[in-house]
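Undergrad: Dropping the structure in here first, questions after.
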2 protein chains.
Amino acid sequence: VKKVLGILGGMGPLAGADFLAKLTAATPASCDQEHIPVILYSVPQIPDRTAAILRGGASPLPAMLEGVRALKDAGAILIAIPCNTAHYWYDELASQGELPILHIADAVIRALDRQAVGNTAIGLMGTRGTLAAGFYQQRFAKLGLNCIENLPEEHDTLVAAAIAEVKANRLDSAVKLASAAAQKLFDRGATRVVLGCTELPLAIDLAEPELRARCLDATQTLATACVDWWSARGQAI
Amino acid sequence: VKKVLGILGGMGPLAGADFLAKLTAATPASCDQEHIPVILYSVPQIPDRTAAILRGGASPLPAMLEGVRALKDAGAILIAIPCNTAHYWYDELASQGELPILHIADAVIRALDRQAVGNTAIGLMGTRGTLAAGFYQQRFAKLGLNCIENLPEEHDTLVAAAIAEVKANRLDSAVKLASAAAQKLFDRGATRVVLGCTELPLAIDLAEPELRARCLDATQTLATACVDWWSARGQAI
């Protein structure tokens, strides 16, 4: 069995494909054989993460653990999860899945740190579940960064709406909603807006270049973190 | 174990991600849970297909069969292979892999048939291995379609060069080469050009819309064939 990077995808499916494309593009390779070996588990029949966190919905943890175990059985030595909200269950997934998992918010923090954003305000967009989970805000606070979020009504009509449109394959509509939500945060003083839901970069990648350049794509930072991990240790394992 | 669509990818890695994105976009779904469950095996450490067909290089069949078996063990009930050249080994993969495999050239033929191209000339771009294998030309002949290919020198300097650039993550350069190669076939009377290598749509997707509209993307047709198969039988299995 080949040692591979296991991707726990499907949350949503297009975000998993986007992550794989960004991982591939971020890899310094000159031919097929130099790319990182990957298995992507994209079984989207997983209970909704935000509903579980906020409204007592069915837990997605058993289905996610099934995915991690399938990836482990197939040769995974490292797990990446291109879904921010899923990281609410990070500790259980890492301990019960018995594999190292790169935390998407750690990857974002590293990118912010590299960009030397200083003591500024950072905008944060994500699902209600991610915002309630607090793993981004806690990390921002440690770096002395002020966090700006959308107001509840903006969240429902712009952020959550954009995410739902991506999951339903309506990117044209999603880009308008997501751009408007990001602009609200820039208007309130954010120097960067973290796209802390893997559906959001799929919308913002199609937005005006100027707005896009001021957003930080969590999917992209996770892809870069995987390439760094693999380059440093993957070959030797 | 969930019943899933198994994707034998990695040939190349970006083509596998492209296939997954096109599969997702082609699926009539309104939320995550309505998308097709998929496992993508993208272990690109597979001997070069064209070198094996033309120059007696190491056979990729054992590595490809290892992938099919890993997918089967993980729950695959159908296999799709987003690599045209790999279909040279279609019969062995289907019989020894013991799973149904949708043939990418059958998917292309169905799309050409739907577009009612009549008794015209069809351009064909692909690797030297795919062109030598003949599975496209045989199917075109059955439909009474004349097949136009690039001249050997054009193939080396434009088609093969474009494919190599995609595998090395240089899409800007690839789009120029691939567009020039397709234009040669249109100049010689092709009404459509089949992009019969999964790296080529990654280049042509960035080309002028007018040229792009006259090309037929084999990756896209395979994605549509998977959605059709799954809609018709997947839910009941």
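Undergrad: Using the structure shown, decide if B:A190 is outside any helix (DSSP H, G or I), surrounded by 22 or more Cβ atoms within 10 Å (Cβ to Cβ), among the aliphatic types (A, V, I, L, M) and touching a residue at least 40 places away in the same chain (Cβ under 8 Å).
TA: yes
Undergrad: Only residues in the range A:1-26 that are facing chain B (nearest Cβ under 8 Å) and of a type in the set (S, T, N, Q) count as the first member; pair them with residues that are part of a loop (DSSP other than H, G, I, E, B) and surrounded by 24 or more Cβ atoms within 10 Å (Cβ to Cβ), Cβ under 8 angstrom, at least 6 apart or cross-chain, and list the lot.
TA: A:T24/A:H35
Undergrad: State all residues of the range B:158-175 that are in a helix (DSSP H, G or I) and either out of contact with any helix residue (DSSP H, G or I) (no Cβ under 8 Å at 6 or more places or on another chain) or in contact (Cβ under 8 Å) with a residue 60 or more places away in the chain (or both); if no residue qualifies, say none.
TA: Result: B:A164, B:V166, B:K167, B:D172.
Undergrad: A follow-up question, please. Identify, please: which residue in the range A:193-237 is of a type in the set (S, T, N, Q) and open to solvent by less than 10 Å² (accessible area, probe 1.4 Å) and is, among those, farthest from A:K176 (Cα to Cα)?
TA: Here the residue is A:T219.
Undergrad: Considering only residues that are assigned to a helix (DSSP H, G or I) and in contact (Cβ under 8 Å) with a residue 12 or more places away in the chain, which ones fall in the range B:67-82?
TA: Matches in the range B:67-82: B:G67, B:V68, B:R69, B:A70, B:L71, B:K72.
Undergrad: Tell me, which residue of the range A:84-135 that is among the β-branched types (V, I, T) and at pLDDT below 95 is nearest to A:G6 (Cα to Cα)?
TA: Filtering first and then ranking leaves A:V117.
Undergrad: Counting just the residues of the range A:163-187 that are away from chain B (no Cβ under 12 Å) and small (G, A, S), which one comes out surrounded by the most Cβ atoms within 10 Å (Cβ to Cβ)?
TA: Among those residues, the one meeting the criterion is A:A178.
Undergrad: Which one is nearest to the chain's Cα centre (by Cα), of the residues in the range B:27-50 that are more than 7 Å from chain A (Cβ to nearest Cβ) and among the hydroxyl-bearing types (S, T, Y)?
TA: Going through the qualifying residues, I end up with B:T50.
Undergrad: Then there is this: Only one of these is of a type outside the set (S, T, N, Q) and either within 14 Å of chain B (Cβ to nearest Cβ) or closer than 26 Å to B:L71 by Cβ (or both): A:I53, A:I81, A:I109. Name it.
TA: A:I81
Undergrad: Inside the range A:110-130, can you point out the residues that are assigned to a helix (DSSP H, G or I) and open to solvent by 30 Å² or more (accessible area, probe 1.4 Å)?
TA: Those that are assigned to a helix (DSSP H, G or I) and open to solvent by 30 Å² or more (accessible area, probe 1.4 Å): A:R110, A:D113, A:R114, A:R128.
Undergrad: Which residue pairs have Cβ atoms under 9 Å apart, sit 6 or more places apart or on different chains, and have a first residue in the range A:83-104 that is open to solvent by 20 Å² or more (accessible area, probe 1.4 Å) and a second that is among the polar types (S, T, N, Q) and in a helix (DSSP H, G or I)?
TA: A:Y88/A:T130
The values are calculated or read from the model by the stated rules, or taken from the named source; none is laboratory data. Predicted model, so just to flag it, every value in this text is computed and none were measured. Glycine also receives a Cβ, built like all others from the backbone with ideal geometry; neighbour counts cover every protein chain displayed. Each accessible area value is taken on the protein alone, full model and side chains, heavy atoms only, with ligands, DNA and RNA left out. Shrake-Rupley method; radii C 1.70, N 1.55, O 1.52, S 1.80 Å.
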